[in-house]
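Everything on this sheet refers to the single structure shown next.
The values are calculated or read from the model by the stated rules, or taken from the named source; none is laboratory data. What you see is a predicted model, and the numbers here were worked out from it, not measured in a lab. So basically every Cβ, Gly included, is an ideal-geometry build from the backbone, and we count neighbours across all protein chains shown. Quick note on the areas: whole protein, heavy atoms, side chains included, nothing else; ligands and nucleic acids left out. Shrake-Rupley method; radii C 1.70, N 1.55, O 1.52, S 1.80 Å.
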Amino acid sequence: MAELNFSNLSKKFDGVPALHEINAQIASGEFVALLGPSGCGKTTLLRLTAGFEHPSSGTIHLGGDKVAGDGHFVPPEERGVGIVFQSYALWPHKSVHANVAYPLEVRRVPRPEREARVAEALALTGLSAFANRMPSQLSGGQRQRVALARCLVFDPRAVLLDEPLANLDLALRASMHEVFSLFHRRTKATMLYVTHDQGEALALADRVAVMEAGKIRQFAAPEVLYREPVDCFVAGFVGDGAVVSAGITGQTRENRLVVNVFGQEVLSRSATTEPSHVCIRPESITLCNDAPIRARVLSCTYLGGRFRLTLDAAGETLVAFASQRAAIGETLGVKLNDLWAFRDPGAAVVMAKSLAHA
Amino acid sequence: MNASTPARGGGRSLDRLLPFLLLPVALIALGPVVRLLLEGVTGGDGFTTDHLTTVLTRPSTGTALLHSLITAGGGTLLSVLIGAAFAYLVALTDIRGKGALVFCLMVPMMIPPQITALAWMQMAGPSSTLLKLLGIAPPLGSPQPLHSPGGIILLLGIQHASLVFLTLRAGLRMIPADLVEAARMSGAGSFRVWMQTVLPLSMPSLIAGGAMAFVTALGNFGIPAMLGIPAGYATLPTLIYQRLVGMGPAVLPEVAVLALLIGAVAIIGVLFSRAVLSRRGFGLVGLSGNPLALTLGAARRPVEIGLWAFIFVILALPLLALLATSLIPAYGVPLTFANATLEAWKEVLFTQPVTRRAYGNSLMLATSAAAILLAISLPLAWLMERRSNRLSRILDALIDLPYALPGVVLSIACILTFLNLPFTDLTLYGTIWIILMAYLARFFVVMLRPIQASIAQLDPAMEEAAASVGAHLGRRLRDIVLPLAAPSAAAGAILVFLTAVNELTVSALLWSSGTETLGVVIYNLEDSGETIMASALAMSIVLLIIFLMGLVQAGANRFPKGVIPWQS
């Protein structure tokens, strides 16, 4: 297993920038998700890591070795990096066993050892019974596991996964989450997982890099992304809730910043003394009739066990959870607590973009 | 892969490989055509138009040009009539047994023209064994009716009908079914729908198919040679042949002009059809999902009988006549159960050195051409698909030229190019290698296109997956690309083999004693009056061809769409 290091990494396609000055360190054995809307550059970063693309500038280090950059380029077949494709890319003319054995054949691993390692990889992915099947005779989830076994069998220095669950149905995705988690625990592989599904990223990864327009907006643990987003894009893209502009009061109370939201003073966590916005998660909203902030119910959806309400408060749309059904058009009182305030000067532009992607 | 910073090693070194493969391919495929153009303009010594004027103003040139235009034009008309009738009936109506019908209609295209001519000659005229068998042969001394412009037109029309059929059927499949349904909803009956909706919409494909038939008929050598030369009716290809065979390489500058003349007429034909097409083009909008199926009702059975009767007349009858002739003991003797003999078969297949040699030469040439083209085309198609650049795109556009130009044009071009190998005193003229070179140039595209089609369908992730697990380029090509492209490559190889085994036009001009091909020997046997042996040899080739076609047909569902020419 090896650590992965991107430094000032940029990539242009025919002069159009796809990645801009990416800097990131991924520790050995870490599970990192690249999360972002389509076209944000996450797949480009993955393909640069695999060696299918050449960087326009900057360097990539893998386990201390420079694999790309400064006139140096290690081709994909010499990087020892495994990749699981969205289309699985199983070779249709080879059986499951032959697909999994191929990386070892290429490495001239002697037959007894090869057979043992293939059997182990098939057992780990629950495919032992399917060794002699052809890929066309497998279901989507089974193909996915063959791709994973093919990757695992040669002990790659890092494993890259390109939207591996995009072609599976919902029920299968949940069970594959467990397969990936198990795979990661057993192999301790450094994993880079590309997805546009925040649920997948937050559930699986140790850390998530949220990308937008060729840049990493925030690179942090899932709970940090959710509770302390750095800007409007991350706040809007990750998790449910609302982002509204906030007025500075210059006061602090009980170690919290006092900010002005909807004309009311509320307490908020913050990393800055001059915030421009607050992020209001559904958990931050308590509905009570005597609260000073008034909101009109726009919609009410039953989620099982609770209701999700969207509310209109002074022209902003908030999201709240309620234990009881609310009538559409009804006016409720909204009490805010445990908000997160941040500063994002370029917010207007970013908000428009994130809405376009929504 | 076309972005920015160059880097050492890795995929980049592949891009440097490309010119090394493209250059020899371009030289072999396109060099001769360029050489011919130069010869036509310079006449071998300096730029002058005198030489052009001399040849072009000669009366024999004008007559041959006129004959070429008459026979190719008439043949095209007939091809369009036959091909269109079959295409409309097969693609639009509910007749049964379409697959078998189409296969039978394609057989004449794959049978060499000189064999077609030989077979038809055995069906008509005073010495026809078949007619004698039936007791309806015309009296001895009456002329062979096929030795005439009419005979040439008839056979050219039948030979190339399948080209019109294939192009038109492909076009008909593009017509959205809802257009026809809309016409029916407006109250139009089957005939009115065809007349007022289908016919105008399919006119572009009909014109395109007609243009292909015209260009191919123009370059046809086998039929006018077998039927026209005995009647003293010369077309441009036969004129070139007679000049070159009569006088040798000394007349090369002259025949080069004639070859360019055919090439020019062929290109004018293609340009004319393109001009018509561009004015008649329709943007077809809608789904072309379900195939059209107009019901013929009570007319279905008579139509089916009519189509099969036609197939019987153009395919089965001539081949039966050919078979009958191959079984008689001496020419002119009627065939009976008592005197039927396989003597001629034994003679051509086992005894005669010249026919055995021809079999050997043709099989060797066809196998070598198929094998060499296979070996070059696979990596080349891969490079052109995965590492496309301007050079490869230019080659891609021009590679059709040697196949599209009439064969006689390419032959002259090859003689000019290889008569004196550049920078040496060596010559390939008179050796079998010049035929091989010509075959390589001519059939390149037949091999390249199916492989290109299957590599284009290959998910690049298949190769990237192999690269990521450590396979170098050579291994990726061998373990991943080759097995997946193999069915199409095999189909391409069989097609090259089939076409090369049948080939007469190119080898008729390039052969010399010892390097005869099957096409040449059939022609020479018939020319010297050995009709029975010619028939036996021809019949054995027909059986070989039908066997090979059947082989391709059997693997049909393993090939990507468009690989098999008779299944568009």
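Some points to look at:
- The B-A contact accounts for approximately 2500 Å² of buried accessible area, totalled over both chains at a 1.4 Å probe radius.
- Cα-centred dipole magnitude for the stretch A:232-357, charges only on beta-carbon of K, R (+1) and D, E (-1), debye, nearest 20: 180
- GluC sites (Glu not before Pro), loop per DSSP, at most 15 other Cβ atoms within 10 Å - longest free stretch of chain A: A:1-253
- Each of A:E254 and B:L419 was given a label point 7 Å from its Cα along the Cα-to-Cβ line. The distance between the two points is 10.4 nm.
- Rounded to the nearest 0.05, the FRET efficiency derived from the C-beta distance between B:L37 and B:R387 at R0 = 35 Å is 0.70.
- Pair A:E115, A:T286: separation of 7 Å Cα→Cβ label points (nm): 6.8
- Set the Cα radius of gyration of the stretch B:70-219 against 2.2 N^0.38 Å, with N its number of residues, and you get 1.26.
- Each DSSP beta bridge with both residues in chain A is either parallel or antiparallel, and the antiparallel ones are about 75%.
- Gaussian network model of chain A, Cα within-10 Å springs - most flexible of A:R145, A:R306, A:R185: A:R306
- Greater than 31 Å apart at Cα, pairs in B:K132/B:K346; B:K98/B:K132; A:K11/A:K94: B:K98/B:K132; A:K11/A:K94
- Ratio of Rg to Rh over the stretch B:409-502 (Cα coordinates, Kirkwood Rh, two decimals): 1.16
- Measuring nothing but protein heavy atoms, the accessible surface of chain A at 1.4 Å probe radius is 49 percent carbon and sulfur.
- Gap separating the Cα centres of the stretch A:1-59 and the stretch B:161-179, nearest whole Å: 49
- In the elastic network of chain A, a GNM with C-alpha springs shorter than 10 Å, the most mobile of A:A121, A:A326, A:A235 is A:A326.
- With all pairs of different C-alpha atoms in the average, the Kirkwood value for the hydrodynamic radius of the stretch B:368-524 is 17.1 Å.
- Normalised Debye scattering of the stretch B:158-258 at q = 0.17 Å⁻¹ gives log10 I(q)/I(0) of -0.82, counting only Cα atoms as equal scatterers and leaving out solvent.
- Listed residues A:A314, A:A246, A:A98, most fluctuating in chain A (Gaussian network, C-alpha, under 10 Å): A:A314
- FRET efficiency for A:R325 and A:A271, using Cβ-Cβ distance with R0 set to 51 Å, rounded to 0.05: 0.85
- Convex hull of Cα atoms in the stretch B:306-429, direction-averaged projection (nm²): 14.6
- Partner chain coverage, peptide B:525-534 - average Cβ within 10 angstrom: 0
- Candidates B:A554, B:S368, B:W382 compared by Cα position along the dipole of the protein assembly as shown: farthest toward the positive end lies B:A554, with charges placed on Cβ.
- Think of chain A as a dipole: +1 on every Lys or Arg Cβ, -1 on every Asp or Glu Cβ, centred on the Cα centre; then among A:V16, A:S128, A:G63, A:S128 lies furthest on the positive end.
- Over chain B: helical MRE at 222 nm, DSSP H runs n ≥ 4 each giving -39500 (n - 2.57), nearest 500: -22500 deg cm²/dmol
- Computed from the alpha carbon atoms alone, the convex hull of the protein assembly as shown holds 250 Å³ per residue.
- Reduction of at least 50 Å² in accessible surface, 1.4 Å probe, comparing all protein chains with the chain by itself, residues of the stretch A:33-59: A:F52, A:H54
- Summing Cβ point charges (Lys, Arg +1; Asp, Glu -1) relative to the Cα centre of the protein assembly as shown gives a dipole of roughly 860 debye.
- Dimensions in Å of the stretch A:4-227 - Rg and Dmax from alpha carbons: 17.3, 52
- Most simply put, the protein assembly as shown has about 70% antiparallel DSSP beta bridges, counting only bridges with both residues inside it.
- Placing a label point 7 Å from the Cα of A:R296 along the Cα-to-Cβ direction, the residues of the stretch A:312-339 with a backbone N closer than 19 Å are A:312-320, A:326-335.
- Surface accessible to a 1.4 Å probe, A:I328 within the full protein complex, Å²: 120
- Histogrammed with a bin width of 10 Å, the alpha carbon distances of the stretch A:232-357 distribute as 13, 43, 34, 10, 0 percent, first bin at zero.
- Cα centroid separation, the stretch B:320-361 to the stretch A:305-330 (Å): 96
- Gain upon complete extension [B:V303, B:F337; 0.36 nm per residue less C-alpha separation]: 8.7 nm
- Estimated purely from DSSP H runs of n ≥ 4, each contributing -39500 (n - 2.57), the mean residue ellipticity at 222 nm for chain A is -8000 deg cm²/dmol once divided by its residues.
- Mean projection area, nm², convex hull over Cα of chain B: 31.0
- Computed across the stretch B:230-379, the Kirkwood hydrodynamic radius from all distinct Cα-Cα pairs reaches 22.8 Å.
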